[in-house]
1. What residues have an amide H closer than 5 Å to that of ARG74, excluding those fewer than 5 places away on the same chain, when H is modeled at 1.01 Å from N in the peptide plane?
2. One-quarter of the Cα convex hull surface for the stretch 263-325, in nm²?
3. Checking the a/c ratio against 1.5 first, then a/b against b/c, what shape does the Cα gyration tensor give for the stretch 292-428?
4. Between ASP89 and GLU341, take the C-beta separation as r, use R0 = 45 Å, and let me know the FRET efficiency to the nearest 0.05.
5. Assuming R0 = 60 Å, what is the FRET efficiency of GLN102 and LYS446, from their Cβ-Cβ distance, to the nearest 0.05?
6. All other residues with a Cβ under 11 Å from the Cβ of ASP255 taken together, and with Lys, Arg as +1 and Asp, Glu as -1, what is their net charge?
7. Checking the table LYS104/LYS335; LYS272/LYS434; LYS357/LYS437; LYS60/LYS292; LYS309/LYS413 against a 31 Å threshold on Cα-Cα, which pairs fail?
8. In terms of Cα to Cα distance under 14 Å, which aspartates and glutamates are near enough to LYS203, apart from those fewer than 8 places away along the same chain?
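Values quoted throughout were computed directly from the atomic coordinates according to the rules given, and no laboratory measurement underlies them. Not measured: the values here are computed from a predicted model. Backbone-built Cβ (ideal geometry, glycine too); neighbour counts: all protein chains shown.
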Amino acid sequence: MASVPVSKSMSLLSKLAWKKHLAGGLAFAVAVSAIAPADLSARGLIRDAETESLIRDYAKPIFRVAGLGQQNIRIHIVNDRNFNAFVVDGRNMFIHSETLKQSKTPNQLIGVIAHETGHIAGGHLSRLRRTIAKAQSASLMLQILGIAAFVAGAATGGAAGGSAGAAVMSGGQSLTQRAVLAYQRAEESAADQAAVRYLNATKQSSRGMLETFSYFVDQGFASLKYVDPYVQSHPMPQQRIIQLRELARRSPYYDKADNQDWAFRHELMRAKLSGFLESPRTVYTKYPPSDKSMPARYARAVVLFRREKNLKAFQREIDQLIRMDPGNPYFYELKGQFLLEAGQASRAVPPLRNAVKLAPNSGLIRILLAHALLTANQPRLIDEAVTQLRRAIVRENTSPEGYRLLAMAYGRKGLTGQASLASAYQYLYQGKLKFAKEQAKRAQTKFREGTPNWIKADDILKFQPPKLR
C-alpha cells in the first residue's frame, strides 16, 4: 500500500478540468463535494491492490447495469479524513479513505458507488457545464445593465443610480449561483434515484445507501438548520432522506444481506487501512490484543512494522495470518513489502512470488516483486524483473515507478535504448515533460526509424499537454 503524490501532468489529471463547481458528489455539505488539485496533490492518492480489487468487485455489476461496463471507469482512493466521494468527469471516480474506513458494510460503500455512478451515467457534469454557461450569460447581461446604471448615476451625481447599479450587479451574481445550485439539487436527487435502480437491478439492498446518507444528517443537520435551501448544492437532509427512504423500502431486496465473502474482505480492508492511516492508540483501541480475528491481527501487523518498527513481532503476526488463510495473496504481499522496506530484499522475493501467483492480474504486486528482484542485486534475477514489469505495465500503463524500475533493469542488461525509452515514460507520467523528451530523443538514436520503439519515442517528442480550462 502506498500514498502516491499526484502530478499535475499525469495522465489521470492532464485531461481533467479541475473546478470545484464541476464535481458531483454525495455529501450533504453546503459546498459542492470537490477537491482542488493542490489539495488532492497534498493529500495524495492511495494505491493498494487489495482495496482496489474489492472496490472493482463492488463497482462492476453497478457499472454494467448502468450501461457503463465498457467505459473503463477508474475509481481512485484519496487519502483524506473526510467522508466523501465525487466524480470529475465520465471516466474517474474518487472515494476518500475515510469513506472506506467508516463504511461498516459492503452495502454502505456500494450505495456510495451507485450514487456516483448515477452522476456519470446521467451526464450530469457535462450538463452542469452548460447550465453554468447559460447562467453566466444571463448574469453577464445583468452586470452590464448594472454597470450602465452605476455609470449613469455617477455621471448625474445621483447616489440612487449608483445604488441601483450595484444592486443589479449583485443580483446577477446571485442569479448565477441560484441557477447552478438549483440544477445541482435536481441532479443529486436524480443520482439517488438512479442508484436505487442500479441496486435493484443487481438484486442488492438500498439499506446501506440509506444508512450512509442518514449518517450525513447526524453529522451535519445542526449546521444546516437555518440555511437557505435555495443556496444549497444538495437537497436538504430531511427532504432527501424522506425521498430515499420511500424508494429504498419499496425495493424487494431491502432486507437482503451482504455477500458474506465481500463482508469478510470488507473487514480486512478496513483493518488494513486503519493500520496504515490511524495512530497505534486508535488501532489498538479498535483491535485490542484480545481480539484474535483475522482483521484484528491484520491491523496490528501493520502497526507493528509501520509504526513500531518491530520486524520480529510483525513476522510472527503475518505468518500466523498466512497459516490461517494461505490462499490470501495480500498477506504475502504485505510480508514482502515490509521485508523489502526493512532492507531484506532477498527474503522479500519468495512471499511476493506467492502473491503474484495468487493474484496474477495485479500490476501493483508485480511491480513490487520486480522492485525486490532488482534490489536483491543478483544478475540472475534481472530477466525475471523485466518479465514482471512488462506484464505489470499492461495494466499499470501510467505508473512512473513501473517505468523507473524497467529503465533500471534494461540498463543493467546493457539495453540503453530501451532503458532511455522507459525513462522517458517515467518522466512523462511524473509530469516532467522536458526530461521525458530528452530521454525520448536519446532513445530514438538507438532504434531504426519506423520501428515500434522509434515510433513510441517519437510520440513522446511530439506530445503536447492538453490545456486545462
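1. ASN92, MET93
2. For the stretch 263-325, the mean projected area of the Cα convex hull comes to 3.8 nm².
3. In terms of gyration-tensor shape, prolate.
4. With R0 = 45 Å, the Cβ-Cβ based efficiency is 0.80.
5. Given R0 = 60 Å and the Cβ-Cβ separation, E is 0.70.
6. Here the count lands on +3.
7. LYS272/LYS434; LYS357/LYS437; LYS60/LYS292; LYS309/LYS413
8. ASP255, ASP258
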